[in-house]
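To start, the structure itself, in structure tokens.
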Amino acid sequence: MTDPVWLSGITDVPGIRVGHAHDLQALTGVTAVLAPDGAVVGVAVEGSAPGTRETDLCRPCNLVQQAHAVLLCGGSAFGLAAAHGAMRWLEERGIGLPTGYATVPIVPAAVLYDLGVGSAQVRPDEAMGYAACEAATDGPVEQGCIGAGAGCTVGKALGMDRAVKSGIGTACVKVGAVAVGAIVAVNAFGDVRDPATGRILAGPRGEDGTYLDTTALLLQGAAGRPLAENTTIGVVAVGGSLSKEGANKVARMAHDGLARTISPIHTMFDGDTLFCLAIGGPEVDVTTAGVAAALAVERAVLNAVRHAASMGGLPAARAWSCPVKDQEGPVSSNPVDEPAGAARLLVLDSSPGAYSPPRGGWDDG
């Protein structure tokens, strides 16, 4: 069996461009995923506290087939205003759905709640949405605490002061001749885990210097009162042809990647939403595309945490090493030299899309 071929990120899907805009003092921002030639669009909203725009349009039974951009925004519901900036940017370039009287850009969007870090009074607006589109390229995508990832955090079961900084990540896998990519802003209530071992890579910080298990905290009644201050949002792109029904199915299957890396996922306090953009080209099997999309989402989530920096008074996981406690699972093929009794470190290969987890915290790898 051949291993998947990993590329760099979602812009390895031909026809996709990505741009970020943000305010790093207020810790909020926007990521624009552009498909200027149009892409068949689908969506799956699995969390119970979503903030979205134009998701009904994405459903199979509705008239419009293609979108021209998807915006991922901080700012909670206020951040949906950024989509107007994307519409203006696209309209100025004659990109959109031709109607009898105007060309109307189709711009679905989703937001995450980042008002608990930085400034709650500064939110993405029309100007920021326009700037994200202006910055969009088909080159390598910057990851971490930028764009919609600027204010992302994870592991909030014990409150924001015990959370860990997260960000936005991307990945892309080649399936035959077709690239399937993902970009995900990871702002989850739950923990981020290594899907190979189940080890917590970022979660609520315990007083003893370890990460605590959000699921265990919930079942023990030890978690604080959760609020809808979370939500993981993203886009998967398929470099081939899907029907609208197929694009919706791929968006739904892509959530498997969230379920393998975030625990718990799809809670009442998360508005988890993934869009699918099928660019066109060779026909793609829906199941194969969905499996590949889930793999790309899985790796994008890990990259979002890996590339995050300590900001807003919260440590990034890579800056907060935690001791190993009775860990199971295979030791990494990239072991770290360490004195006896020291914390093991997680080594992440910096090659495109690579992820090689041993048991432990974080290292620059």
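The values are calculated or read from the model by the stated rules, or taken from the named source; none is laboratory data. Not measured: the values here are computed from a predicted model. All Cβ positions, even for glycine, are placed from backbone atoms using ideal geometry, and neighbour counts span all protein chains on display.
Assorted remarks:
- The combined condition, being farther than 28 Å from Leu212 by Cα, touching a Phe, Trp or Tyr at 6+ places or on another chain (Cβ under 9 Å), at pLDDT 95 or above and not in a helix (DSSP H, G or I), is not fulfilled by Pro140.
- Hits in region 98-113 (condition: in a loop (DSSP other than H, G, I, E, B), within 20 Å of Asn230 (Cβ to Cβ) and of a type in the set (A, V, I, L, M, F, W, C)): Leu112
- All of (1) buried (at least 24 other Cβ atoms within 10 Å of the Cβ); (2) in contact with a helix residue (DSSP H, G or I) (Cβ under 7 Å, 6 or more places away or on another chain); (3) among the basic types (Lys, Arg) hold for Arg88 with one exception: (1).
- Pairs with Cβ under 7 Å, 6+ apart, first in region 144-165 and on the phi > 0 side of the Ramachandran plot, second buried (at least 24 other Cβ atoms within 10 Å of the Cβ) and of a type in the set (Gly, Ala, Ser): Gly144/Gly167; Gly144/Ala308; Gly147/Ala21; Gly147/Gly29; Gly147/Ala132; Gly155/Ala163; Gly155/Ala202; Gly155/Gly203
- Cross-chain or 6+ apart pairs with Cβ under 9 Å, region 46-71 first and of a type in the set (Lys, Arg) and part of a loop (DSSP other than H, G, I, E, B), then modelled with pLDDT of 95 or more and crowded, with 19+ Cβ neighbours inside 10 Å: Arg59/Gly42; Arg59/Val43; Arg59/Lys244; Arg59/Asn248
- If only residues of region 263-299 that are β-branched (Val, Ile, Thr), touching a strand residue (DSSP E or B) at 6+ places or on another chain (Cβ under 7 Å) and not in a strand (DSSP E or B) are counted, the one that is nearest to Arg199 (Cα to Cα) is Val297.
- Set side by side, the residues Thr170, Thr153 differ, and just one is surrounded by 24 or more Cβ atoms within 10 Å (Cβ to Cβ) and closer than 23 Å to Trp6 by Cα, which is Thr170.
- Selection status of Val122, within 18 Å of Gly147 (Cβ to Cβ), in contact (Cβ under 8 Å) with a residue 24 or more places away in the chain and surrounded by fewer than 23 Cβ atoms within 10 Å (Cβ to Cβ): yes
- Scope region 156-188; condition over 12 Å from Gly116 (Cβ atoms), in a loop (DSSP other than H, G, I, E, B) and at pLDDT 95 or above; matching residues: Ser166, Gly167, Val186, Ala188
- Some residue of region 243-256 being within 25 Å of Gly203 (Cβ to Cβ) and in contact with a Gly (Cβ under 9 Å, 6 or more places away or on another chain): yes
- Qualifying residue in region 186-200 (condition: under 24 Å from Glu142 (Cβ atoms), touching a Cys at 6+ places or on another chain (Cβ under 7 Å) and crowded, with 21+ Cβ neighbours inside 10 Å): yes
- The residue that is farthest from the chain's Cα centre (by Cα), counting only those in region 300-320 that are modelled with pLDDT under 95, in a helix (DSSP H, G or I) and of a type in the set (A, V, I, L, M, F, W, C), is Ala319.
- So Gly129, is it under 18 Å from Thr273 (Cβ atoms) and out of contact with any Ser or Thr (no Cβ under 7 Å at 6 or more places or on another chain): yes
- Residue in region 11-24 that is in contact with a Leu (Cβ under 9 Å, 6 or more places away or on another chain), part of a helix (DSSP H, G or I) and under 26 Å from Gln121 (Cα atoms) present: no
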